[in-house]
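To start, the structure under review is shown below, and the notes come after it.
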Amino acid sequence: MDTGFTVAQLRAAVTDAVRAPSLHNSQPWRFRLRDEGIELSVDPARRLPATDPSGWGTRIACGAALFNLRLALAVAGTPASVRLRPYPTEPDVIARLVPDLPRRPTPAEQSLHAAIPRRFSNRAPFWPDPVPADARWRLGEAARAEQCWLELLIGVSAVNAFAEIARSANRVLERDPGYRAELAEWVRSGPAPDGVPAAAGGPQSEPQDLLPARGFGGRNRAPGRDFEPEPLVAVLGSAGNTATDQIVAGQALQRVLLTATDAGLGVSMMSQPIEVPGAREALRLSLGRFGTPQMVMRIGYGQPGRPTPRRTVDEVLDLPVVPA
Ligand SMILES: Cc1cc2nc3c(=O)[nH]c(=O)nc-3n(C[C@H](O)[C@H](O)[C@H](O)COP(=O)(O)O)c2cc1C
């Protein structure tokens, strides 16, 4: 077994890690080698105090980046053993990865890894084609493989009940000037290494829409028309809601997203009902499940999505200063 990871291995894995999703594409992560282990930490300068006061979204995003790191290392034949929040006195260190026994990647790891550059948030309306049973099963398996659950809302009344919770959460958020200002700050009309380009923001919402969409300044659409016929809505949840549970949920989220991409499905995320504590509790009760909802997804077939920008690997690495 190798004694540690090298800078070259770190750089290669980070190229994949930064493709993970994050709230408003804030990319709240940093990576470094410490004692030959790879460490993933929160970037404190990239917190979103109004949208994410508890740090939940940062930990979900870092968990998703961690899943990509794990996949990249496994596919390179150098899988990692992972400790979450390894230092009690350094809560911003999300995970430490050290080499595990080298082995060949599995076909499943290879296909999920190949999906990393093809996964984008797809906020456009999906086609009416239903998501087939085998794809639904694979999505649930992806969540379970990462110690989480995925509840697919079946039937009009379940979707309508969820939609009511989500719309009311969205109204609560939109009443907050700090939330609105933060959202506006991360919408990009020109080239930028982070934030959400207006072109990726999906069409503008309309008053009759079933589900709320974040106002990323997307294109206008014909007034009065339904957004899409019958969305598949999925709720991802974890056993508990500690900081560690949220990192676990971030990894499960990324596994579900990559599984969906591999199955040719588009996904967009909808976290308003997670961000408002009362709505999250109402959602939990409506599902009748143990544990905590951590993300809601809209899943379906549609036009391919588009990539959003990322900071370069050099911008997110902390490398030790080598004495001259
Ligand atoms: C914790 C979290 C919450 C998110 N919430 C939403 C949301 O409510 N609405 C939305 O359209 N996208 C949401 N996203 C998606 C991000 O906006 C998206 O990941 C980011 O802009 C990068 O784009 P990409 O997913 O296409 O790579 C969320 C992502 C994360 C990780």
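The values are calculated or read from the model by the stated rules, or taken from the named source; none is laboratory data. Remember, it's a predicted structure, so these values are computed and weren't measured experimentally. Because the Cβ atoms are built from the backbone with ideal geometry, glycine has one as well, and the counts that use them run over all protein chains shown.
Brief remarks follow.
- With respect to the conditions (1) surrounded by fewer than 22 Cβ atoms within 10 Å (Cβ to Cβ); (2) touching a residue at least 60 places away in the same chain (Cβ under 8 Å); (3) in a strand (DSSP E or B), residue 50 falls short on a single one, namely (3).
- For the stretch 1-59, a residue qualifies if it is more than 23 Å from residue 295 (Cβ to Cβ) and touching a Lys or Arg at 6+ places or on another chain (Cβ under 6 Å), and the qualifying residues are 37, 39.
- Summed over the stretch 44-70, residues that are within 16 Å of the ligand (Cβ to nearest atom) and over 24 Å from residue 272 (Cβ atoms) total 3.
- Qualifying position, being under 24 Å from residue 242 (Cβ atoms) and part of a helix (DSSP H, G or I), among 74, 142: 142
- Among all positions in the stretch 256-268, there is no residue which is within 13 Å of the ligand (Cβ to nearest atom), in contact (Cβ under 8 Å) with a residue 24 or more places away in the chain and within 16 Å of residue 52 (Cα to Cα).
- Taking residues in the stretch 219-240 that are closer than 22 Å to residue 201 by Cβ and aliphatic (A, V, I, L, M), and partners anywhere that are modelled with pLDDT of 80 or more and in a loop (DSSP other than H, G, I, E, B), the pairs with Cβ atoms closer than 7 Å and at least 6 places apart or on different chains are 232/131; 233/153.
- In this structure, residue 285 does not satisfy being of a type in the set (A, V, I, L, M), part of a helix (DSSP H, G or I) and within 12 Å of the ligand (Cβ to nearest atom).
- Some residue of the stretch 244-257 being surrounded by fewer than 22 Cβ atoms within 10 Å (Cβ to Cβ) and not in a helix (DSSP H, G or I): no
- Restricting attention to the stretch 288-324, the residues that are at pLDDT below 95 and within 13 Å of the ligand (Cβ to nearest atom) total 4.
- For residue 15, the conditions (1) touching a residue at least 60 places away in the same chain (Cβ under 8 Å); (2) buried (at least 21 other Cβ atoms within 10 Å of the Cβ); (3) within 16 Å of the ligand (Cβ to nearest atom); (4) under 25 Å from residue 305 (Cα atoms) all hold with the exception of (2).
- Exclusive hit being buried (at least 16 other Cβ atoms within 10 Å of the Cβ) and closer than 30 Å to residue 46 by Cα, set 136, 119: 119
- Close pairs from the stretch 165-192: first assigned by TED's automatic domain parsing to the domain that holds residue 276 and more than 19 Å from residue 282 (Cβ to Cβ), partner surrounded by 13 or more Cβ atoms within 10 Å (Cβ to Cβ) and at pLDDT below 95, Cβ under 6 Å, at least 6 apart: 187/216; 187/217; 188/197; 189/198
- Among (1) aliphatic (A, V, I, L, M); (2) buried (at least 22 other Cβ atoms within 10 Å of the Cβ); (3) free of Cβ contacts under 8 Å to residues at least 40 places away in the same chain - the single one residue 274 does not satisfy: (3)
- Subset of the stretch 199-208 (residues that are within 23 Å of residue 156 (Cβ to Cβ) and either away from the ligand (no atom under 13 Å from the Cβ) or not in a loop (DSSP other than H, G, I, E, B) (or both)): 206, 207, 208
- Close Cβ contacts (under 7 Å, 6 or more residues apart or on different chains) running from residues in the stretch 294-317 that are over 22 Å from residue 231 (Cα atoms) to residues that are assigned to a strand (DSSP E or B) and within 14 Å of the ligand (Cβ to nearest atom) comprise 308/196; 308/197; 316/29.
- Annotation: of all residues in the stretch 1-33 being among the charged types (D, E, K, R) and at pLDDT 95 or above, the one that is nearest to residue 257 (Cα to Cα) is 19.
- Breaking point among (1) within 28 Å of residue 221 (Cβ to Cβ); (2) assigned to a strand (DSSP E or B), for residue 151: (1)
- Hits in the stretch 77-116 (condition: outside any loop (DSSP other than H, G, I, E, B) and under 21 Å from residue 241 (Cα atoms)): 82, 83, 84, 93, 94, 95, 96
- Tallying residues that are of a type in the set (A, V, I, L, M), away from the ligand (no atom under 12 Å from the Cβ), assigned to a loop (DSSP other than H, G, I, E, B) and crowded, with 17+ Cβ neighbours inside 10 Å within the stretch 209-242 yields 1.
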